[in-house]
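Asker: Here it is: the structure, laid out below.
Rule-based calculations on the coordinates, nothing more; no lab input. If you're wondering where the values come from, they're calculated on a predicted model, not measured in any experiment. Neighbour counts run over all protein chains shown; Cβ positions are idealised from the backbone, glycine included.
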Amino acid sequence: MNKMIVRGATAVLALCLASPALAACGDSKKSDDGDKATAAASPSSEASSKGTDGSGGSDSSGGAQPGTGSSPKPQGGVKSAVKLPVPDDLSGALQDTYFAAAHKSYPKGTRADVLTPTHVLFGKITGANGGVQFYAAGDIGFKNNPISQQDGPHVWKKDDSQQSWVYVSDTGGNLCGSVPKALVQAWGRSCN
């Protein structure tokens, strides 16, 4: 138990020290608007570097990784919302999760038929209690099945204690119904 507390404190300290550098040197090849900087709803927000699991966690540099149980689920309102660079390996994780959720509605579709997500947005919110939740949104569907490709963007989420993404829903064009308003605004979108 004490080792977990020490690891958590070390991870938080590493993120706090690395935040200015990470926000200034974010790298995104797949962002839908090409904006490489992170947008924050709070000046004290922290950025997270690319992970190897598509989580937006950090690599071996010592930062916190989603899935380690390092923070509770966000509660008590949104403290900060940050647009993050889209990790190179996020697409595969989103495709897998979409397939698992959509295969029931499209039983003839195979995993190989799932399109690579486009117009992907990625970010995180931090709740007033310090809990962290990651969100991704993008267009996806099955090849040669236009019905599966409508009603996007689709939304996925993962909190800091989860290993896998959870498919939330297609939004029918209303991101604010599935993503916190502060993060939608950090992505440069509006809630009407």
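Asker: Take Q150 and S105, extend 7 Å from each Cα along the Cα→Cβ direction, and tell me the distance between the two endpoints in nm.
Answerer: Between Q150 and S105, the label points sit 1.1 nm apart.
Asker: Using a basic spin-label model with each label point 7 Å from the Cα along Cα→Cβ, how many nm lie between K73 and D113?
Answerer: 3.3
Asker: How would you rank 172-184, 80-92, highest first, on the average number of other Cβ atoms within 10 Å across their residues?
Answerer: Values: 172-184: 18.4, 80-92: 21.9.
Going by the mean number of other Cβ atoms within 10 Å, highest first, we get 80-92, 172-184.
Asker: For K79, which sequence-distant residues (separation of 5 or more, or a different chain) have an amide H within less than 5 Å of its own amide H, given hydrogens modelled in the peptide plane?
Answerer: T126, G127, A128
Asker: I would also like to ask the following. Any idea how far the Cα center of segment 80-145 sits from the one of segment 163-192, in Å?
Answerer: Taking the Cα centre of segment 163-192 as reference, the centre of segment 80-145 is 11 Å away.
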